[in-house]
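Undergrad: Sending over a structure as structure tokens; questions will come in a sec.
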Amino acid sequence: MIYKKRRQPSEIIGLTALLSRLKPNSLLSKEISSDLAAMRAGLGGEERLDEVLSRHAFPNEHVFLHDLSLKSTGTFQIDTLYLTPSYAVIFEVKNMAGTLTFNENPPQLIRILENGQKRAFGSPAAQIERNQDLFSDWLHARGLALPIYPVIVFAYPKQIIEKPPSNIPVLFPNSVPGFLRRLPKSHTILNSNELSALTKELMDSHAGYIPKPLYEKYNIPIDELKTGVTCKNCGHIGMKRALRTWHCKKCSTNDGFAHEQAITEWFLLVGRKMTNRECRRFLHIDKLQTATRILNMNVFDFRRQFKKSNIHN
Ligand SMILES: [Zn+2]
């Protein structure tokens, strides 16, 4: 049973917005474009695993939860969680081209591309061990203890793993169902009701987790972001407020709801409640009353809006 599906992560929506709102020639453009590309590749890899799992029938009682952001003794993110009455499996999915070598001391992943370019990354093995510890702490804080098995999945078999980590299994998506089937049957820790309660608790905790706003992450002064409502049709930023709608002077599109996207972007970029003044400045509205109406219309409890739309996935 899949309880929590994967959606476009808010980080991708936020980074796309940030890129479009940077001043021309900003020194950060390159870094943000590269982070966005890596995130899109990561999402593609995770979707590849989802696809394999969705084609397979798992006979035992279990739950799949995708893309969970949680907090215990630190914040952590689980790409896929397989939860059963006896144990949990956490998956870290990677989608990287080239030849990959896991070094252990210090923990690093070395990638060599076909053109010979060599680059070092933080080790996914160390990362998933950290997630294992933090998830164990998360369960412990709720009076629970489940064995947690970490697994690293490389999304495509074209990835060459020259030296895998010694202590964590590394799989391609097609071998995941068989791996789960062959895990040793251990004794039952949770009954059906407890498994459901734990699933619900995981989903609620996920919804309560709010990531760091992007201006803070990249250290960009808020004033330097381009303001205005974005036209969905042509991407022009700076639609004009007209009677009950927004008008794009570039492509003549009218869109009564265009401000909603701008408000979502404000939340992802700046991460806090929008004041009337900020609303007028960011959306290019002259009248105080218009801003008040828009703010009221959009239920300005951001935290709730955030949960409801699940934009942070
Ligand atoms: Zn337009």
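The values are calculated or read from the model by the stated rules, or taken from the named source; none is laboratory data. Bear in mind the structure is a predicted one, so any value in this text is a computation, not a measurement. Positions of Cβ are backbone-derived with ideal geometry, glycine not excepted, and every protein chain shown enters the neighbour counts. These area figures cover heavy atoms from the full protein model, side chains too; ligands, DNA and RNA do not enter into them. Shrake-Rupley method; radii C 1.70, N 1.55, O 1.52, S 1.80 Å.
Matching residues to (1) more than 9 Å from the ligand (Cβ to nearest atom); (2) in contact with a helix residue (DSSP H, G or I) (Cβ under 8 Å, 6 or more places away or on another chain):
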| site | (1), (2) |
| --- | --- |
| PRO221 | yes, yes |
| GLU224 | yes, no |
| GLY238 | yes, no |
| ARG241 | yes, yes |
| TRP246 | yes, yes |
| CYS251 | no, no |
| LEU269 | yes, yes |
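Undergrad: Something else now. Among residues belonging to the stretch 54-66 that are touching a residue at least 24 places away in the same chain (Cβ under 8 Å) and open to solvent by 10 Å² or more (accessible area, probe 1.4 Å), point out the one that is farthest from the chain's Cα centre (by Cα).
TA: If we take residues in the stretch 54-66 being touching a residue at least 24 places away in the same chain (Cβ under 8 Å) and open to solvent by 10 Å² or more (accessible area, probe 1.4 Å), then ASN60 is farthest from the chain's Cα centre (by Cα).
Undergrad: Exactly one condition in (1) within 10 Å of the ligand (Cβ to nearest atom); (2) under 23 Å from the mean Cα position of the chain (by Cα) is false for ASP255; which is it?
TA: (2)
Undergrad: Then there is this: Got a sec? Which of GLU265, GLU278 is touching a residue at least 60 places away in the same chain (Cβ under 8 Å), acidic (Asp, Glu), more than 16 Å from the ligand (Cβ to nearest atom) and not assigned by TED's automatic domain parsing to the domain that holds SER72?
TA: Values: GLU278 fails: touching a residue at least 60 places away in the same chain (Cβ under 8 Å).
Of the residues listed, the single one that is touching a residue at least 60 places away in the same chain (Cβ under 8 Å), acidic (Asp, Glu), more than 16 Å from the ligand (Cβ to nearest atom) and not assigned by TED's automatic domain parsing to the domain that holds SER72 is GLU265.
Undergrad: Exactly one condition in (1) assigned to a loop (DSSP other than H, G, I, E, B); (2) farther than 24 Å from ALA125 by Cα is false for LEU15; which is it?
TA: (1) is the only condition that LEU15 fails.
Undergrad: Sticking with this one: For the stretch 208-215, indicate whether the set of residues that are out of contact with any Gly (no Cβ under 9 Å at 6 or more places or on another chain), in a loop (DSSP other than H, G, I, E, B) and at pLDDT below 90 is non-empty.
TA: Checked against the condition, which is being out of contact with any Gly (no Cβ under 9 Å at 6 or more places or on another chain), in a loop (DSSP other than H, G, I, E, B) and at pLDDT below 90, the stretch 208-215 yields at least one hit.
Undergrad: Keeping to the stretch 114-143, report how many residues are in a helix (DSSP H, G or I) and under 29 Å from THR99 (Cα atoms).
TA: 10
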